[in-house]
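The values are calculated or read from the model by the stated rules, or taken from the named source; none is laboratory data. None of the values given here were measured: they were computed from a predicted structure. Cβ coordinates were reconstructed from backbone atoms using ideal geometry, including for glycine residues, and neighbour counts include every protein chain displayed. Heavy atoms of the whole protein, side chains included, go into the accessibility calculation; ligands, DNA and RNA do not. Shrake-Rupley method; radii C 1.70, N 1.55, O 1.52, S 1.80 Å.
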Amino acid sequence: MQVHVETISPVSKKVSFEIPVDQVNAEIEKAYTRIQKKAKLQGFRPGKAPLQMIKRTYTDAMRDDVMRRFYEQTLFKTLDEHKIEAIDSPTIESDILEENTPFKYSAVVEVMPEVVLKDYMGLAITKEKFVFKPESIDEELNKMQANMAQLVPVEDGNAVENGDSVTLDYFFSVEGCPEETSNAEDAQVEVGSHRLLPGFEDQLVGMKCGETKQITLTLPEEYRTPEAAGKEGVFQVTLKEIKRKELPEINDEFAQQFGDFQTVDELRAKMTEYTRKQELDRIENDQKEQIIQEMIRKNPLDVPQSMVSRQLEHMLENLKNRLKSQRMSIEMMGLDDKGFRERFRDAAADKVRGGLLLMALVEKENFEVTDQDIENRYEQIAAGNTEMLDRIRGHYAANRKDKQSLISEIKEDKAIQFLLESAVITEVEAAAAQQAE
């Protein structure tokens, strides 16, 4: 048997095989004999059909059997002999298996790249200057106030205003598109939310209860039904009820609804503390992302596409879960699975690059994880919840694989902190940091 190993790229190798005629013929005969013992052909008892008839009937089954055995006997043994560690299933190309002909096939396998760290000390990054804005607390309180608002029916004679919630009946039609005809009773619409067709909510402003109005709109080019796009859609609307938000007063009683607070001042103080921490965490995370990107820039690295694909699927699943918890979907963001993968493939590749470089740095600098490091991480996950802390300890004590993943995360964090401690950091104003993004 002839074997040729070729390096295609830093992350892929091609192994080519040529299996001699005598070995091919021998395996084909063995395969037909195995098939003959189990074959069921009309007019013959199982295992009694003539071999020539088996050969005419079961050619494809024979080829599948022999090729699978060749792959098992030759490919994996050769990979082991040449110390080629495939990180994903090989991609195989082969000739058609025939009697009296050498069988040639090749397998392309992806391998981990060799990571040689060069420039990673003294990386240049920026740090956004933290500036606390007291008005942000007022803005957040106003949002909380709006969320606590009660919808109260307006007095007769009042007209619809932006921000009102209205109840209406409507009949909708598009000339020439009978399939678009629809109607609804007691439909709820928040005027000014712009969740419906462009221009529809604007034309509700000024209407009064009991009033009927015809609203004509030109349907957008991206309308759900291509045949109706660009045509006029007509709504026959009857307004039945108007409700307006009644905002609660921001006082001590208001504050008491949001936790263990007695006064608005206490609520403000907690919100200020939370906002400061959130902003400082954001700035810190931005620095971490910068330092990884800078290390990638200084240490270019090819990455296996199978690892990129797995990272993409992980990112996609995480996004879907986050959106699901908010009763949203990626479709509501104007994406589908294919669009997400196309848009974020480069980001996934960088995540893989960053992970491989950090792993190499961990090995080079020999970062260790102590029992106290692990306990500190448990406490961080528990976030002050003593009962939760005991459950977390128990989980990782019983799940070795999860604990190893946690230890790897701690090592990565140590590597990032090591890079930050040696980095050249320039402090910039918030506006400059945003422009840099």
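Values as computed for the structure displayed
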quantity: Alpha carbon convex hull of segment 1-112, projected area averaged over orientations, nm²; calculated: 7.5 nm²
quantity: Net length gained if the chain between Leu247 and Glu185 were fully extended (0.36 nm per residue, minus Cα distance); calculated: 19.5 nm
quantity: Computed over segment 201-250, the ratio Rg/Rh where both radii use C-alpha atoms and Rh is Kirkwood; calculated: 1.18
quantity: Residues Thr370 and Ile283, FRET efficiency given R0 of 25 Å [Cβ-Cβ distance, rounded to 0.05]; calculated: 0.35
quantity: Cross-link pairs beyond the 25 Å C-alpha cut-off, checked among Lys364/Lys401; Lys77/Lys411; Lys364/Lys403; Lys38/Lys77; calculated: Lys77/Lys411; Lys38/Lys77
quantity: Label zone at Asn100, where the point sits 7 Å out along the Cα-to-Cβ direction: segment 40-62 residues whose backbone N lies under 17 Å; calculated: 52, 55-56
quantity: Inter-site label distance for Val108 and Asn162 at 7 Å from Cα along Cβ, in nm; calculated: 5.6 nm
quantity: For segment 202-346: relative contact order, % (alpha-carbon pairs under 8 angstrom, 6 or more apart); calculated: 12 percent
quantity: Segment 12-125 - percent relative contact order, Cα under 8 Å, separation 6 or more; calculated: 39 percent
quantity: Part-to-part distance (alpha-carbon centres) for segment 77-102 and segment 224-297, which is given in Å; calculated: 56 Å
quantity: Cross-link table Lys231/Lys320; Lys104/Lys338; Lys133/Lys270; Lys270/Lys351; Lys14/Lys118, entries beyond 26 Å C-alpha to C-alpha; calculated: Lys231/Lys320; Lys104/Lys338; Lys270/Lys351; Lys14/Lys118
quantity: Segment Glu363-Tyr71, length gained on full extension (0.36 nm per residue, minus Cα span); calculated: 101.6 nm
quantity: Unit charges at the beta carbon, dipole of the chain: most positive-side option, Pro10, Gln404, Ile283; calculated: Pro10
quantity: The chain: C-alpha pair distances exceeding 35 Å, %; calculated: 62 percent
quantity: Förster-model FRET efficiency, 56 Å R0, Ser16 and Asp390, C-beta, rounded to 0.05; calculated: 0.45
quantity: Gain on full stretching of the segment that runs from Lys231 to Lys213 - 0.36 nm per residue minus C-alpha separation; calculated: 4.5 nm
quantity: Protection proxy ranking of 57-67, 396-406 - average other beta-carbon atoms within 10 Å, highest first; calculated: 57-67, 396-406
quantity: Of all accessible heavy-atom area on segment 252-385, the percent that carbon and sulfur account for (1.4 Å); calculated: 47 percent
quantity: Spatial separation of Cα centroids for segment 118-182 and segment 303-368, in angstrom; calculated: 29 Å
quantity: Value of D in µm² per second that Stokes-Einstein yields for segment 245-358, Kirkwood Rh from Cα pairs, at 4 °C (1.567 mPa s); calculated: 72 µm²/s
quantity: Estimated D of segment 174-332 in µm² per second, where Rh is the Kirkwood radius over Cα pairs and Stokes-Einstein applies at 4 °C, 1.567 mPa s; calculated: 58 µm²/s
quantity: Dipole in debye (nearest 20) - the chain, about Cα centre, beta carbon charges: Lys, Arg +1; Asp, Glu -1; calculated: 2780 debye
quantity: Unit charges at the beta carbon, dipole of the chain: most positive-side option, Leu323, Pro153, Gln214; calculated: Leu323
quantity: Relative contact order [Cα under 8 Å, 6+ residues apart], segment 274-373, whole percent; calculated: 38 percent
quantity: Cα gyration tensor, segment 59-215 - rounded (a/c under 1.5), prolate or oblate; calculated: oblate
